[in-house]
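The values are calculated or read from the model by the stated rules, or taken from the named source; none is laboratory data. The shown structure was predicted, so the numbers you read here are calculated from the model rather than taken from an experiment. Backbone-built Cβ (ideal geometry, glycine too); neighbour counts: all protein chains shown. Side chains are part of the model used for accessible areas, which takes the heavy atoms of the whole protein and leaves out ligands, DNA and RNA. Shrake-Rupley method; radii C 1.70, N 1.55, O 1.52, S 1.80 Å.
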Amino acid sequence: ISKEIPLSAVELAKIAEIGGQLGVRADDLGLFTRRVAELSIASADLPFEEAAFALARLTNIMGISIDDAGKLSSVITHLGNNAATTENEIVQMALRMGSFGRVIGLTTDQVLALSASATELGIRADAGGTAFATLFQRLSEAVSMGTDKLARFASVSRMSVDGFSRTFKVDAAGAILAFISG
């Protein structure tokens with residue numbers, strides 16, 4: 001890998017070591033190391049150690065395989081290059097909102113897109129991640145219990161209660177965007 005990617009063998013070994021520490025299977029360490037190195041090289045603000053921790057944690061949180069880490073890395077890089085935010089900011093926000101996002105049915109791409117949008121607005125990961133996680137939890141509870149809060153979420157989203165509930169169940173990201181827009 002060091003002949004193809006401008007990182008030293010020592011740096012690549014450190015990536016593999018971090019992957020092993022975070023539970024990446026031995027069979028996947030080579031591919032993991034390559035994907036982390038590619039992400040680190042493509043991003044000026046995501047050093048290889050941080051990229052390794054981020055990629056290992058995001059694949060775990062979102063339940064995706066190391067085989068899909070290349071796509072994950074590409075999406076992070078694309079968003080960092082095309083939004084007024086950085087890859088590191090996107091990753092930090094995604095790490096904070098990812099587990100709740102997954103619980104309500106958001107895809108990895110949707111979590112990353114919401115993370116990029118929030119950080120592009122200047123929302124910091126520590127505050128924004130907590131706020132999004134709370135929103136996801138409250139929306140999920142309101143939809144599952146059908147409380148008065150559901151009527152308020154639906155009203156803000158300019159939808160009927162049934163429409164909002166149905167949308168949330170099949171397209172959580174669409175319901176969230178409708179609520180934020182409202």
Note to self: What figure, in Å² to the nearest 10, do you get for the accessible area of VAL103 with a 1.4 Å probe and non-protein molecules left out?
What the structure shows: 120
Check: Against the longest principal axis of the chain, how steep is helix 48-62, in degrees 0 to 90 to the nearest 10, with axes from Cα atoms?
Finding: 40
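Normalising by the residue count of the chain, find the relative contact order in percent from Cα pairs under 8 Å and 6+ residues apart. Write out the running numbers ahead of the final one.
Numbers: 214 pairs, mean separation 25.9, N = 182.
Taking the mean separation of contacting Cα pairs over the length of the chain, I get 14 percent.
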Check: Hey, which lysines would be in cross-link range of LYS14, C-alpha to C-alpha under 27 Å, not counting anything within fewer than 8 residues on its own chain?
Finding: LYS3, LYS71
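Tell me, what is the per residue accessible area of the stretch 137-182 in Å², probe radius 1.4 Å?
Details: 2770 Å² over 46 residues.
It amounts to 60 Å² per residue over the stretch 137-182.
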Margin query: I'd like the accessible area for VAL170: 1.4 Å probe, protein heavy atoms, all chains in place, Å² to the nearest 10.
Written below: 130
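Once the other residues with Cβ under 12 Å from the Cβ of ALA154 are scored (Lys, Arg +1; Asp, Glu -1), what is the net sum? Don't skip to the answer; put the middle values down first.
On the way: positive: LYS149, ARG152, ARG158, ARG166; negative: ASP148, ASP162.
Neighbourhood net charge equals +2.
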Checklist line | Sites ILE180 and GLU120 - FRET efficiency at Förster radius 22 Å, r taken between beta-carbons, to 0.05 | finding: 0.95
Note to self: I'd like the accessible area for ASP162, computed on protein heavy atoms only with a 1.4 Å probe and all protein chains in place. Round to 10 Å², please.
What the structure shows: 110
Checklist line | Extension gain from VAL156 to ASP68, taking 0.36 nm per residue of separation minus the Cα-Cα distance | finding: 28.1 nm
Check: How far is helix 9-21 tilted, in degrees, relative to the longest principal axis of the Cα atoms in the chain, given as a value from 0 to 90 rounded to the nearest 10?
Finding: 40
Note to self: How much accessible area per residue does the stretch 72-126 have, counting only protein heavy atoms and a probe of 1.4 Å, in square angstrom?
What the structure shows: 44
Note to self: How large a share of the accessible area of the chain, in percent, is made up of carbon and sulfur atoms when the probe is 1.4 Å and the other protein chains stay in place?
What the structure shows: 52
Check: Simple spin-label model, 7 Å along Cα-to-Cβ: SER144 to SER8 in nm?
Finding: 5.0
Notebook entry, point to check: How far is helix 29-42 tilted off the main Cα axis of the chain, in degrees rounded to 10, range 0 to 90?
Noted result: 80
